[in-house]
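Heads up: the structure comes next, in structure tokens.
The values are calculated or read from the model by the stated rules, or taken from the named source; none is laboratory data. Being a predicted model, the structure only gives us computed values, none of them experimental. Because the Cβ atoms are built from the backbone with ideal geometry, glycine has one as well, and the counts that use them run over all protein chains shown.
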């Protein structure tokens, strides 16, 4: 599966990919400190000076890695989403073709939600999306990768829909996951019930594709159209 193009604009790309162990530790400390401060204060009160002080790295050293606080948040956000995808892939059964599609996808969706907690993707990062538009591009890249994987698994488990129709469906499934986060945001707490309902809704949306009903009519969301957004003038 080809990865979509990179996301961060020039002003938000990290400046230095560290090679030496000390530099890698310093960058890790910067990212960990940024997340701790995000949790405690939110994105509006976050400053590079505060991150540097909390990480034990000088402000000058911080700027050798990242041009601004937004770049730090973008890197942290992308790291978390990459870890979620990896965790989901690792939880995939070795022979999904021998499972019922409901059992397989129900388990997969639950594993992905569990991976969010495992890698500490929390409210502070989710809420940052509403104040830092660049995060939406990173989320879109993640969504394309998730949709690619789900569409491939639907075909593996017997769907005869076209690749285009399966990708369109998988994008809608990814959007349904967003409803779980919005429910948690409204409630101000995590709720297992919200996960259960999102999974039930996802399986209901998948049923026509997995049980031989005709493809829906009308224009589909295509991978090409999403990649065009990622390859736009701000890419």
- Does the range 98-109 include one or more residues that are part of a loop (DSSP other than H, G, I, E, B) and in contact with a helix residue (DSSP H, G or I) (Cβ under 7 Å, 6 or more places away or on another chain)? no
- Message: Testing residue 215 on (1) under 20 Å from residue 99 (Cα atoms); (2) surrounded by fewer than 18 Cβ atoms within 10 Å (Cβ to Cβ); (3) in contact (Cβ under 8 Å) with a residue 12 or more places away in the chain, one condition comes back false. Which one is that?
- Response: (1)
- Identity of the residue in the range 12-33, in contact with a helix residue (DSSP H, G or I) (Cβ under 6 Å, 6 or more places away or on another chain) and modelled with pLDDT of 95 or more, that ends up surrounded by the fewest Cβ atoms within 10 Å (Cβ to Cβ): 29
- Query: For the range 158-165, does any single residue satisfy the condition of being at pLDDT below 90, part of a loop (DSSP other than H, G, I, E, B) and at negative phi?
  - Reply: no
- Just one of (1) over 25 Å from residue 90 (Cβ atoms); (2) touching a helix residue (DSSP H, G or I) at 6+ places or on another chain (Cβ under 6 Å); (3) not in a loop (DSSP other than H, G, I, E, B) trips up residue 136, so point out which. (2)
- Breaking point among (1) more than 23 Å from residue 192 (Cβ to Cβ); (2) buried (at least 21 other Cβ atoms within 10 Å of the Cβ), for residue 152: (2)
- In the range 181-212, how many residues are within 24 Å of residue 102 (Cα to Cα) and assigned to a helix (DSSP H, G or I)? 21
- Message: When the residues of the range 34-49 are narrowed to those that are surrounded by fewer than 16 Cβ atoms within 10 Å (Cβ to Cβ) and part of a helix (DSSP H, G or I), which ends up farthest from the chain's Cα centre (by Cα)?
- Response: 49
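Residues of the range 76-99 being over 22 Å from residue 174 (Cβ atoms) and either crowded, with 20+ Cβ neighbours inside 10 Å or at pLDDT 95 or above (or both), which ones? It would help to see each step written out before you state the result.
Start the filter on the range 76-99 by keeping residues that are over 22 Å from residue 174 (Cβ atoms), which leaves 94-95, 97-98.
Once the filter is applied, which keeps residues that are over 22 Å from residue 174 (Cβ atoms) and either crowded, with 20+ Cβ neighbours inside 10 Å or at pLDDT 95 or above (or both), the range 76-99 yields nothing.
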- Note on the structure: Only one of 92, 85 is in a helix (DSSP H, G or I) and more than 18 Å from residue 37 (Cα to Cα), namely 85
- Task: Sort out which residues of the range 122-133 are within 28 Å of residue 224 (Cα to Cα) and either at pLDDT 95 or above or not in a helix (DSSP H, G or I) (or both), and write them in order of number.
- Result: 129, 130, 131, 132, 133
- Query: For the range 56-82, what are the residues that are within 11 Å of residue 33 (Cα to Cα) and over 25 Å from the mean Cα position of the chain (by Cα)?
  - Reply: 56, 57
